[in-house]
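Chemist: To start, I am sharing the structure in question, which I have written as structure tokens.
Here, each number is a calculation from the coordinates, and none is a lab measurement. If you're wondering where the values come from, they're calculated on a predicted model, not measured in any experiment. As a convention, Cβ positions derive from the backbone with ideal geometry for all residues, glycine included, and neighbour counts pool all protein chains shown.
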Amino acid sequence: MLDRLQELKDEAIQKVNEANSVKELKDLRVAYLGKKGPITEVLKGMGKLSAEERPKVGQMANEVREAVADLINEKETKLEEEALVAKLREESIDVTLPGRPVGKGSKHPLTSVIETIEDIFIGMGFTVAEGPEVETDYYNFESLNLPKDHPARDMQDTFFITNDLLLRTQTSPVQTRTMEKHEGRGPVKIICPGKVYRRDEDDATHSHQFMQIEGLVVAEGIRMSDLKGIFEQFVKRYFGQDREIRLRPSFFPFTEPSAELDVSCAICAGKGCRTCKHTGWIEVLGSGMVHPNVLSMGGFDPEKYSGFAFGMGVERFAMLKYGIDDIRHFYTNDTRFLSQFNRV
Ligand code: 2U9
């Protein structure tokens, strides 16, 4: 039996030495030292031995068991250490390598244009007002002198949500809401930037969602010359000191009289070119004196108060400023387009 134990010990030592993985060692531990292993078998057979032999065999079996267990533990620690060293070597970072460049974003050109226009009007004493994009029929149409049968209400033009709820087609509801908050006491001097929605087919000059900036001034004694003075300042600051303005009669249901604002063409200096359609003038916004009905519905007495209002499309301003020929560029988020405005 002692020979058998020696044989088992030699065999186990050889196998442990040959093992190359922690898994193999685990299997060897079960095979040699487990309950069903050969050493346990030897111990089980000890009953048959003489009283003289029994302690010797018992002692040797324990020695073999300990020696094999120690060797397995030792080898296991060694393999684990080797694996850790290999892993660390593999995962080591070369801190001297240059970093990967991080793509830097930029301000959207429409945001830049809105901020520039806001700054100009803030400089003239206006404050910025905002309101909801989902509006009621009353604020979007009724309060702006657009009664139920008015053609501008055509279902084709408006995204209705319910009979009474819609996506605002202009930012004008913000002005009415602001007038209501003033409870009939002026002055009101605001600009309202924001998204608006219309049921248009998208093409180079139309987008079903675009940006507007509207403005409203209501106070005692406001005249059309105030409107003209504000426009003169605005145009010179936005487009340049050398630009001229002119007002052209127009019609809007919410203003009376109404006027379109033209700016002299910078490309041909008024001589006529493709950009100004050979007129020397470029239309930039619509405006007018606030209709008495609109003042009344906003809670102001039209006998005492008067005001002017205007509205402009932000995309048009951006297109004119940067020479962009298609409104869809603003909404397709192509970084080749957007990155050109990095330093704007
Ligand atoms: C109130 C009273 C009057 C806002 C106005 C325009 C003229 C106008 C268009 C320009 C291009 C819209 O973006 S666009 O399609 N707007 O021409 N807007 S006067 O008049 C108001 C608004 C609110 C209470």
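Chemist: Defining a contact as two alpha carbons under 8 Å apart and six or more residues distant in sequence, what relative contact order in percent does region 27-162 show? Mind showing how you got there, number by number?
Modeler: Details: 29 pairs, mean separation 13.8, N = 136.
Reported relative contact order: 10 percent.
Chemist: Between the helical axis of 109-122 and the dominant principal axis of the chain, each derived from Cα atoms, what acute angle in degrees is found, rounded to the nearest 10?
Modeler: Taking Cα atoms only, the helix is inclined about 50 degrees.
Chemist: Quick one: among Q14, Q241, Q212, which has the greatest mean-square fluctuation in a GNM of the chain with alpha-carbon springs under 10 angstrom?
Modeler: Q14
Chemist: Further, regarding this structure: Once you place label points 7 Å from the Cα toward the Cβ at S106 and K304, how far apart are they in nm?
Modeler: Simple spin-label model gives 5.2 nm for this pair.
Chemist: Which of the cysteines found in the chain have nothing to pair with, since no other Cys Cβ lies under 4.7 Å from theirs?
Modeler: C192, each lacking another Cys Cβ under 4.7 Å.
Chemist: Still on this structure, please answer the following. Kindly provide the GluC sites (Glu not before Pro) of region 247-344 that DSSP labels as loop, not H, G, I, E or B, and whose Cβ sees at most 16 other Cβ atoms within 10 Å.
Modeler: Details: sites: E260, E283, E303, E315; in loops: E303.
Passing sites in region 247-344 are E303.
Chemist: Sticking with this structure for a sec: In region 1-90, which GluC sites (Glu not before Pro) fall in coil by DSSP and have 14 or fewer other Cβ atoms within 10 Å? Write out the running numbers ahead of the final one.
Modeler: Details: sites: E7, E11, E18, E24, E41, E52, E53, E63, E66, E74, E76, E80, E81, E82, E90; in loops: E52.
Answer in residue order: E52.
Chemist: Please work out how much length the chain gains when fully extended from K26 to E53, using 0.36 nm per residue of separation minus the C-alpha to C-alpha distance, in nm with one decimal. Please list the in-between numbers first.
Modeler: Values: separation 27, 0.36 × 27 = 9.72 nm, distance 3.21 nm.
Full extension from K26 to E53 adds 6.5 nm.
Chemist: I'd like the Karplus ³J(HN,Hα) series for region 305-311: coefficients 6.51, -1.76, 1.60, θ = phi - 60°, whole numbers in Hz, and an x wherever there's a Gly or Pro.
Modeler: With coefficients 6.51, -1.76 and 1.60, one gets 10, 9, x, 10, 9, 8, x Hz.
Chemist: Still on this structure: Helix 172-181 sits at what angle to the longest principal axis of the chain, using alpha carbons and giving 0 to 90 degrees rounded to 10?
Modeler: 80 degrees
Chemist: Given springs between every Cα pair under 10 Å in a Gaussian network model of the chain, which of T255, T205, T77 has the largest fluctuation?
Modeler: Looking only at T255, T205, T77, the largest GNM fluctuation is found for T77.
Chemist: Between beta-carbons, use under 10 Å as the cut-off and find the net charge around G131, counting Lys and Arg +1, Asp and Glu -1.
Modeler: Values: positive: R168, R177; negative: E130, E133, E135.
Net of charged neighbours comes to -1.
Chemist: If I model a spin label as a point 7 Å beyond the Cα along the Cα-Cβ vector, how far apart are those points for F251 and Y331 in nm?
Modeler: Here the answer is 2.9 nm between the modelled labels.
Chemist: Could you tell me which of the pairs K195/K236; K148/K228; K148/K277; K104/K181 are separated by over 30 angstrom between their Cα atoms in the structure shown? Walk me through the intermediate numbers first.
Modeler: Numbers: K195/K236 26 Å; K148/K228 32 Å; K148/K277 36 Å; K104/K181 42 Å.
Cα-Cα > 30 Å for K148/K228; K148/K277; K104/K181; rest within.
Chemist: Rank M312, L285, I245 by how far each Cα sits towards the positive end of the charge dipole of region 109-341 (+1 on Lys, Arg Cβ; -1 on Asp, Glu Cβ) and give me just the farthest.
Modeler: So the residue we want is I245.
Chemist: Turning to a different aspect of this structure: Tell me which aspartates and glutamates have Cα within less than 14 Å of K56's Cα, excluding those fewer than 8 residues away on the same chain?
Modeler: Leaving aside aspartates and glutamates fewer than 8 places away in the same chain, those within reach of K56 are D3.
Chemist: Helix-only mean residue ellipticity at 222 nm, the chain, DSSP H runs n ≥ 4 weighted -39,500 (n - 2.57), per residue, nearest 500. What is it?
Modeler: Working: 11 runs with 138 residues, N = 344.
After summing the helix terms and dividing by residue count, I get -12500 deg cm²/dmol.
Chemist: Between Q241 and T205, what's the calculated FRET efficiency when r is the beta-carbon distance and R0 is 25 Å? Round to 0.05.
Modeler: On the way: r = 29 Å, r/R0 = 1.14.
The calculated FRET efficiency here is 0.30.
Chemist: Further question on the same structure: Name the trypsin sites (Lys or Arg not before Pro) in region 1-68 that are in a loop by DSSP and that have at most 15 other C-beta atoms within 10 Å, would you?
Modeler: Numbers: sites: R4, K9, K15, K23, K26, R29, K35, K36, K44, K48, K56, R65; in loops: K35, K36.
In loop regions of region 1-68 (DSSP not H, G, I, E or B), the sparsely surrounded trypsin sites (Lys or Arg not before Pro) are K35, K36.
Chemist: Between D94 and E66, take the C-beta separation as r, use R0 = 56 Å, and let me know the FRET efficiency to the nearest 0.05. Please list the in-between numbers first.
Modeler: Details: r = 46 Å, r/R0 = 0.83.
It comes to 0.75.
Chemist: To the nearest 20 debye, what is the magnitude of the charge dipole of the chain about its Cα centre, counting +1 on the Cβ of each Lys and Arg and -1 on the Cβ of each Asp and Glu?
Modeler: Details: 46 positive and 55 negative charges, 87 e Å.
With Lys and Arg at +1 and Asp and Glu at -1, about 420 debye.
Chemist: Restricting to Cα pairs below 8 Å that are 6+ residues apart, what does the relative contact order work out to for the chain? Please round to a whole percent.
Modeler: Answer for the chain is 15 percent.
Chemist: Continuing with this model, one more query. What is the set of long-range amide H partners of T255 at a cut-off below 5 Å, with H atoms built 1.01 Å from backbone N?
Modeler: Amide H neighbours of T255: H291.
Chemist: Another question, if that's okay. Compute the semi-axes of the equivalent ellipsoid of the chain, taking the square root of 5 times each eigenvalue of the Cα gyration tensor, and list them largest first in whole Å.
Modeler: Taking √(5λ) for each eigenvalue gives 90, 26, 17 Å, largest first.
Chemist: Here are some pairs, K189/K321; K36/K78; K23/K75; K15/K75; which of them have Cα atoms lying more than 18 Å apart in this structure? Please report the intermediate quantities before stating the final value.
Modeler: Working: K189/K321 26 Å; K36/K78 27 Å; K23/K75 12 Å; K15/K75 11 Å.
Going by Cα-Cα distance, K189/K321; K36/K78 fall outside the 18 Å limit.
Chemist: Taking only Cα atoms, what is the 0 to 90° angle, nearest 10, from helix 224-239's long axis to the longest principal axis of the chain?
Modeler: Between helix and principal axis, roughly 40 degrees.
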